[in-house]
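We did not get these values from a lab; they are worked out from the coordinates using the rules stated. Treat the numbers as computed from the prediction; the structure is a model and nothing was measured. Every residue, glycine among them, receives a Cβ derived from its backbone with ideal geometry; neighbour counts consider all protein chains shown.
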Amino acid sequence: MKKLMIVIGLISIVSCKHTDTEMELAKQEVIDSIQVAQEKQRVIDSMKLVTVKEKEVIYVNNNPQTTTVTERKGMSNAAKGALIGAGVGAATGAIVSDKKGTGAIIGGLAGAGVGAGTGAIIDEKKKKE
């Protein structure tokens with residue numbers, strides 16, 4: 001543990017010796033990446049605005065035929081159960097196990113399986129109703 005702390009300390013001391021030009025280049029890279037992210041967000045916002053305007057259009061249909069609009073369904077209970085089970089299983093596995101990473105992986109997989117199974121049972125019950 002002492003060796004690890006010494007190595008980390010030496011690395012941090014050596015890595016802190018940046019020249020002014022390196023710092024300026026790093027600052028410029030950060031500014032450029034922020035500008036790119038802002039431009040992407042502007043495009044996304046404009047696309048959302050277009051889709052909202054499309055939804056506001058009202059169609060008048062004089063034909064007696066009925067049109068069905070399929071609404072997008074949310075996640076199934078099996079998918080929700082798998083996500084919740086994976087999270088709880090990973091947290092429990094990391095807490096309980098001596099090897100935190102391995103315990104989290106095994107717990108996450110087991111939790112996802114149990115959660116997906118439970119969610120599938122709930123889906124079947126809802127389908128019968």
Any idea how far apart residue 100 and residue 88 come out in nm if each label point goes 7 Å out from Cα toward Cβ?
2.3
Segments 108-119, 92-103, 32-43 sorted - mean Cβ within 10 Å per residue, highest first
108-119, 92-103, 32-43
For residue 119, what is the net charge nearby, where nearby means another residue's Cβ is under 13 Å from its Cβ and Lys, Arg count +1, Asp, Glu -1?
+2
Of the listed pairs 48/128; 40/73; 80/127; 3/27, those with alpha carbons more than 26 Å apart are 48/128; 40/73; 3/27
Cβ-Cβ FRET estimate between residue 26 and residue 49, R0 fixed at 35 Å, reported to 0.05:
0.50
